[in-house]
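Peer 1: The structure is given below, and queries will be raised subsequently.
The values are calculated or read from the model by the stated rules, or taken from the named source; none is laboratory data. On a predicted model such as this, the values are computed, not experimentally measured, just so you know. With ideal geometry, Cβ positions are generated from the backbone for all residues, glycine too; neighbour counts draw on all protein chains shown. Side chains included, ligands, DNA and RNA excluded: accessible areas come from the protein's heavy atoms. Shrake-Rupley method; radii C 1.70, N 1.55, O 1.52, S 1.80 Å.
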Amino acid sequence: MADINLTARAAKRINEIMGSEPPGSSLRISVNGGGCSGFSYAFDITHAREGDDVVIERDGATVLVDPVSLEYMGGATIDFVNDLIGQSFKIENPLATASCGCGTSFAI
């Protein structure tokens with residue numbers, strides 16, 4: 001399974017968010033069925049790790065991905081963008097064949 005990459009911008013933003021959370025908190029990214037393109041990304045703050053979580057770390061930031069979601073995200077890059085539309089995490093997923101305009105749902 002291909003690795004998931006975390007950009008420096010995403011790591012910086014995760015660290016900013018986690019600064020107001022209890023120590024040991026992490027960002028969990030998962031893939032759920034649904035959304036306008038078939039699958040959607042979910043972003044949650046969690047205080048617990050599961051034994052089979054894939055842990056992605058960069059510059060002190062920690063992202064957790066469960067093994068099922070990893071199957072749909074292999075080789076993806078997690079970035080943070082701040083543009084005219086707003087601020088958001090953006091996932092560039094090489095497995096996605098289509099995505100919606102908002103960038104939170106995709107098809108494989």
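Peer 1: Scan the range 66-88 for residues that are hydrophobic (A, V, I, L, M, F, W, C) and touching an Asp or Glu at 6+ places or on another chain (Cβ under 7 Å) and jot them down.
Peer 2: ALA76
Peer 1: Just checking, how many residues over the range 1-13 are in a loop (DSSP other than H, G, I, E, B), open to solvent by less than 100 Å² (accessible area, probe 1.4 Å) and not small (Gly, Ala, Ser)?
Peer 2: Summing the residues that are in a loop (DSSP other than H, G, I, E, B), open to solvent by less than 100 Å² (accessible area, probe 1.4 Å) and not small (Gly, Ala, Ser) in the range 1-13 gives 2.
Peer 1: Pull out all pairs, ordered by first then second residue, where Cβ-Cβ is under 7 Å, the residues are six or more apart or on different chains, the first lies in the range 14-29 and is assigned to a loop (DSSP other than H, G, I, E, B), and the second is among the aliphatic types (A, V, I, L, M).
Peer 2: Going by the 7 Å Cβ cut-off, the qualifying pairs are GLU21/ILE45; SER25/MET18; SER25/ILE45.
Peer 1: Can you report the number of residues in the range 30-57 which are free of Cβ contacts under 8 Å to residues at least 24 places away in the same chain and polar (S, T, N, Q)?
Peer 2: 2
Peer 1: Are any residues in the range 63-91 open to solvent by 20 Å² or more (accessible area, probe 1.4 Å) and of a type in the set (Ser, Thr, Tyr), and if so, which ones?
Peer 2: TYR72, THR77, SER88, listed by residue number.
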